[in-house]
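Structure record follows, encoded as structure tokens.
Read-outs throughout are calculated quantities, based only on the coordinates presented, and are distinct from any laboratory measurement. This is a predicted model, so every value here is computed, not measured. Cβ atoms come from the backbone with ideal geometry, glycine included; neighbour counts cover every protein chain shown.
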Amino acid sequence: AFSPGGDLLASGGEDRAVLLWRLASGAAVRRLLLHTKSVWALSFSAEGAQLASAGADCVVGIWDVEAALNPGAAEGAQSENGPAAAEGEEPWLLRTWHTKFTPVVAAAYSRTNVLFCIGGFQPPEGYAAGGRASKAAGR
């Protein structure tokens, strides 16, 4: 995903990490770690202040881009979930959502910063996904 200003690129994939790149230098400037499976979807908010990441692990993460690019600015920051980061957490991770059984395959912010995510429901083994069994089957 490209930032709205065109100066950053966010990439993700099978290595489970999200990388922020400065396009002017071509250098990766931050590795964001949250996901336990492949990252499939990335989207910057309309003004570029936040980055959403999502994927096969049924987790959506919202990142503070400025804090990730300038780690000193993240000290003492507050996320929606309380103090910035617990021991071992990324200080620029603002919020996470767990979709239970739905890997997220696409994420996009609207011009008014509403985040839309799309996924395919994958019930765990032994979970009935619905429908109606037919007694006539096999007759």
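A few remarks follow.
- Judged by the mean number of other Cβ atoms found within 10 Å, the most tightly packed of the peptides 38-48, 92-102 leads the ranking 38-48, 92-102.
- Ranked packing of 62-69, 105-112, 49-56, 9-16, most packed first, by mean Cβ within 10 Å: 49-56, 62-69, 9-16, 105-112
- In order along the stretch 41-56, the Karplus-derived 3J(HN,Hα) couplings, from 6.51 cos²θ - 1.76 cosθ + 1.60 at θ = phi - 60°, round to 9, 9, 7, 8, 5, 4, 9, x, 6, 10, 10, 9, 10, 7, x, 5 Hz, and Gly and Pro are given as x.
- Interchain or long-range residues, amide H under 5 Å from ARG95's placed H: ILE62
- Cα gyration tensor shape for the stretch 1-65, rounded if a/c is under 1.5, else prolate or oblate: oblate
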